[in-house]
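Heads up: the structure comes next, in structure tokens.
What follows is calculated from the coordinates using simple rules that are stated; it is not laboratory data. What you see is a predicted model; the values in this text were computed from it and never measured. A quick note on method: Cβ atoms are made from the backbone with ideal geometry, for glycine too, and the neighbour counts reach across all protein chains shown.
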Ligand SMILES: Cc1ncc(COP(=O)(O)O)c(C=O)c1O
């Protein structure tokens, strides 16, 4: 090639949650049955979309030919009107349909939001981090993602002192990201914590991004507060979608809400760039937007979510009781989304720890991968080759300096869920005691 055609951020584009699947697929070919605990797809894990919801979608397809067409760039007006009305009823920041922009899934929104941010302006995000944010933000700047700590010793809440000190050392930071409820920790932040974070943004003249894709999935007494309810006059972007809620991840439908565009001309210009970029792409998927008001406005919607939330809470407590009995591990109950993070304490992980593989070929697949890997990743590979369970390491999967792994609460069948959690806990005990 006579010119370098490689993007400066190319090395930042990693997504361990799916990359580990390649290793799992190879191990599966050796005859090991794999339990996929790595990906947050409720459908893949057996969640059944209720019939009433399917009926709404089927009726729309059969009766409304326009559901096959393009939609306006920002999204269908009736759907944006519905979302704006719902948001405004909550009494926080007031928005109009004009402040809403639809995307082909939140993944698309995330990459667009960072891609069109000035290359020298950074958005600081949590550590551990959902990697679509951390990788996309790092790729836009061509250098590693900047992070503030979530403290496992304090319920995974943001370490606001760390955030303040990062802001002092990095004047290039223009925005703060929070994911609430959080992936991968399953934590839900109180109104007070969000307000403190917004206060820090206000004092430092920053904007706030809040990923709220799990905003209706919370339980165990937690109450989720949206960014809109505490943002005040600070510029902000909230991100929502239907992948986890309906759940309909294959619809590729998410949207962003812009708050306080009128309060800051630079923020307004940045938002216009994002909208203009979407215009070049024409629009987002139409059918899911068409059905959104009918599904979310249906009297069965919130009772259905309440049922799912109760099941997540039950599994959160089961997983907690299993993992908290293993010396060397630390875990927290999840209160939202459908993930939990299990940490390896202090220096319990050491090079050379191992699990006997299920067969020789599986052992040979992971043998060249483990040297030089982070120690939590070694555990994850050994777990895969030995027990056929695929989880995601915290270090490389969630851009973290902590060692641990993420499990999901998605397994539909309770006995199967308990067995898998127990098998992971037993494997961790054996791994830690193997040296
Ligand atoms: C925090 C978070 N944001 C965004 C997404 C992406 O969602 P979508 O399916 O809408 O692209 C996910 C998916 O796992 C997620 O966990």
From DSSP H assignment alone, runs of 4+ in the chain each adding -39500 (n - 2.57), the sum over residues rounded to the nearest 500 puts [θ] at 222 nm at -13000 deg cm²/dmol
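Could you rank the peptides 205-216, 111-122 by their average count of other C-beta atoms within 10 Å per residue, with the highest value first?
On the way: 205-216: 22.8, 111-122: 18.3.
So the peptides 205-216, 111-122, ranked by packing, come out 205-216, 111-122.
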Mean separation of Cα contacts under 8 Å (at least 6 apart) over the residue count of the stretch 95-212, i.e. the relative contact order in percent, is 23 percent
Percent relative contact order for the stretch 31-189, counting Cα pairs under 8 Å at least six residues apart, stands at 15 percent
Highest mean packing first, using Cβ neighbours within 10 angstrom, the peptides 288-296, 90-98 sort as 288-296, 90-98
Computed over the chain: longest principal axis from alpha-carbon atoms vs helix 16-29 long axis, angle to nearest 10 degrees, is 40 degrees
Highest GNM mean-square fluctuation among 282, 256, 342, for the chain with Cα springs under 10 Å, belongs to 282
Expressed to one decimal in nm², the mean projection of the alpha carbon convex hull of the stretch 66-296 is 11.9 nm²
Taking alpha-carbon centroids only, the stretch 314-393 lies from the stretch 210-250 a number of Å equal to 29 Å
For the chain, longest principal axis from Cα atoms; helix 51-63 axis from its Cα atoms; angle between them, nearest 10 degrees, is 50 degrees
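Can you tell me what percent of all Cα-Cα pairs in the chain are more than 28 Å apart?
Numbers: 47661 of 94395 pairs.
Cα-Cα pairs of the chain separated by over 28 Å account for 50 percent.
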Helix 265-281 sits off the longest principal axis of the Cα atoms of the chain, rounded to the nearest 10 on a 0 to 90 degree scale, by 80 degrees
Of 185, 35, 331, the most mobile residue in a GNM of the chain (C-alpha springs, cutoff 10 Å) is 35
Computed over the chain, the relative contact order (Cα-Cα under 8 Å, seq sep at least six) in percent reads 22 percent
Between the alpha carbon centres of the stretch 139-196 and the stretch 103-121 the gap in Å comes to 18 Å
